1. With each label point set 7 Å from Cα along the Cα-Cβ vector, what nm distance links ALA236 and GLU175?
2. If the elastic network links every pair of Cα atoms under 10 Å, which of ARG83, ARG209, ARG220 fluctuates the most in the Gaussian network model of the chain?
3. Stretched out fully, how many nm does the piece from ARG147 to ALA120 gain, at 0.36 nm a residue minus the Cα gap?
4. For the chain, what is the mean residue ellipticity at 222 nm derived from helices alone (per DSSP H run of n ≥ 4: -39500 (n - 2.57); sum divided by total residues; nearest 500 deg cm²/dmol)?
5. Which of ASP262, ASP217, ASP51 moves the most in a Gaussian network model of the chain with Cα springs under 10 Å?
6. Hey, what did the chain get for relative contact order, percent, Cα under 8 Å, at least 6 apart?
7. What residue among GLU31, GLU19, GLU105 has the largest mean-square fluctuation in a Gaussian network model of the chain, using Cα springs under 10 Å?
8. Quote the FRET efficiency, to the nearest 0.05, computed for ASP51 versus ASN80 with a Förster distance R0 of 30 Å and r equal to the Cβ-Cβ distance.
Amino acid sequence: MRIFDPHIHMTSRTTDDYEAMHVAGVRAVVEPAFWLGQPRTSAASFYDYFDALLGWEPFRAAQYGIVHHCTIALNPKEANDPRCTPVLDELPRYLVKDHVVAVGEIGYDSMTPAEDAALAVQLQLAADHGLPALIHTPHRDKLAGLRRTLDVVRESALPLDRVLIDHLNEITVKEAKNSGSWLGFSVYPDTKMDEERMVAILKEYGLERVLVNSAADWGRSDPLKTRRVGEAMLAAGFDEDDVDLVLWRNPIAFYGLSGRLDLDVQTTDPTHEGNSVLRGGA
């Protein structure tokens with residue numbers, strides 16, 4: 001089973017996770033820029049974070065045979081903080097980088113006017129840079145959030161077939177599918193989707209343009225949830241080609257819209273700016 005996790009926050013994970021993911025079949029990941037849990041106090045703090053997504057994390061992933069790409073954006077939650085919004089002016093210099101395969105995560109947290117403005121600006125940036133967009137739907141009032149998201153996208157220069165709407169569930173999947181967007185599902189141990197619910201959605205709505213991710217981060221999450229979904233699909237009667245479509249070919253098709261996706265693991269130096277993933281002696 002080959003796996004491409006299209007949404008995982010490896011900055012929050014350890015090298016043990018990279019090792020276990022490789023054993024499970026993960027060979028590629030996309031790491032979206034997101035909220036770190038503790039509020040940032042200035043736009044400048046984003047820049048070191050973006051640099052890490054473009055340098056340190058691809059280096060770490062390559063040590064374990066995994067290709068790492070990222071998406072870059074001002075996330076919805078921090079779009080409400082005026083200390084952070086100046087980052088919008090700096091995004092263009094990051095969106096031209098080779099490993100950036102989408103603008104994201106953008107979208108809604110609390111559905112505020114500030115989030116409306118940040119979403120519209122970043123959809124335009126995606127269109128300007130020829131990139132698709134990864135959109136975060138809110139964890140509360142999900143159907144209202146989806147409908148508001150679709151309204152803003154339809155008013156933008158970015159077509160819906162270049163948009164991945166993430167964190168979908170049984171409440172939102174039908175309208176998202178009817179919109180013509182790509183469909184993203186985050187599978188968690190306790191919240192969002194689980195394997196059985198995910199399989200039920202695949203049975204009802206099909207496999208076309210569906211991406212399944214672990215969204216593993218600093219909270220209770222599991223970077224092997226993609227593998228568990230694949231196993232649940234097989235147990236439910238899907239075949240290996242079905243699993244490959246959802247867990248490998250669909251993510252490639254979506255992020256391939258950027259024209260930047262490279263699935264060859266790059267040979268790296270033993271260190272990244274003098275630092276190694278190793279500890280101790282030789």
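1. It works out to 2.3 nm between the two label points.
2. Of ARG83, ARG209, ARG220, the Gaussian network model singles out ARG220 as fluctuating most.
3. Numbers: separation 27, 0.36 × 27 = 9.72 nm, distance 1.47 nm.
Extra length from ARG147 to ALA120 when fully extended: 8.3 nm.
4. Details: 11 runs with 106 residues, N = 282.
After summing the helix terms and dividing by residue count, I get -11000 deg cm²/dmol.
5. Looking only at ASP262, ASP217, ASP51, the largest GNM fluctuation is found for ASP51.
6. Details: 534 pairs, mean separation 58.8, N = 282.
With pairs under 8 Å counted, the relative contact order is 21 percent.
7. Most flexible of the set in this elastic network: GLU19.
8. Details: r = 24 Å, r/R0 = 0.81.
The computed FRET efficiency comes out at 0.80.
FYI, it's all coordinate maths here, none of it is from the lab. Note that the structure is predicted; figures quoted are calculated from it, not measured. Heads up, the Cβs are rebuilt from the backbone with ideal geometry, glycines too, and the neighbour counts pull from every protein chain shown.
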